[in-house]
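These notes are about the structure you will find just below.
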Amino acid sequence: MARKERNIDGTFAEGNNIAAVNNQYKEEYCDKVDEYLKDQVDKEVKIVKQENEEKGYKMYAGKLKVQLPTLEGFARFIDVSHKTLLKWERDNVPFGKALSKIRTEQKGRLINMGLSGDYNSTIAKLILSANHGMREGTDITSDNKPIAILGNALPDNHSGQQDNKAQEEN
């Protein structure tokens, strides 16, 4: 399927009214997910790291060209907007299950490749946090809800220690 030209903001280029035409869900889109995932394979490429024309040599380094599957990428693959994709996901259970394959593949690759150092660990952590709800640390006090700050809730001696007289009485 030929990809249509889009503007930088994701809208279709002028004269391309595919957004108005291609907003009807088709059952074949579930199969397109598998086709898209087969296309999203990271590739090892050689880049010239150092070159000396005088001595006639080149040093190469391997670099990973990342093809991380995303919902936005799949939307481009089938020529619809991301918003349309999410609407179809809400309205169609089989399509929602198909899209979960993209999320699962993305999450697995980010974890594995981030741990191995093949992906930038900071970017992997950011995407895992934003797209998959993974957070660093453990919250055992507030169940991830905001903690209300009470006015003057601490005693006058707010060092957290009881004064010596109170300790002696106990």
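In the condition set (1) surrounded by fewer than 14 Cβ atoms within 10 Å (Cβ to Cβ); (2) in contact with a Leu (Cβ under 8 Å, 6 or more places away or on another chain); (3) modelled with pLDDT of 95 or more; (4) among the β-branched types (Val, Ile, Thr), Thr104 is compliant with all but (2). Of all residues in region 66-90, those that are farther than 21 Å from Lys107 by Cα have Cβ atoms under 7 Å from Cβ atoms of residues that are of a type outside the set (Phe, Trp, Tyr) and part of a helix (DSSP H, G or I), 6 or more apart or on another chain, in Ile78/Lys32; Asp79/Ile18; Ser81/Ala19; Ser81/Ala75. Comparison of Ala153, Ala98 shows that the only residue that is at pLDDT below 95, among the small types (Gly, Ala, Ser) and either out of contact with any Cys (no Cβ under 8 Å at 6 or more places or on another chain) or not in a loop (DSSP other than H, G, I, E, B) (or both) is Ala153. Counting residues in region 69-88 that are of a type in the set (Ser, Thr, Tyr), within 15 Å of His132 (Cβ to Cβ), surrounded by 13 or more Cβ atoms within 10 Å (Cβ to Cβ) and out of contact with any Gly (no Cβ under 7 Å at 6 or more places or on another chain) gives one or more.
The values are calculated or read from the model by the stated rules, or taken from the named source; none is laboratory data. Fair warning: this is a prediction, and the values are worked out from it, not measured in the lab. Please note: Cβ atoms are built from the backbone with ideal geometry, for glycine as well, and neighbour counts cover all protein chains shown.
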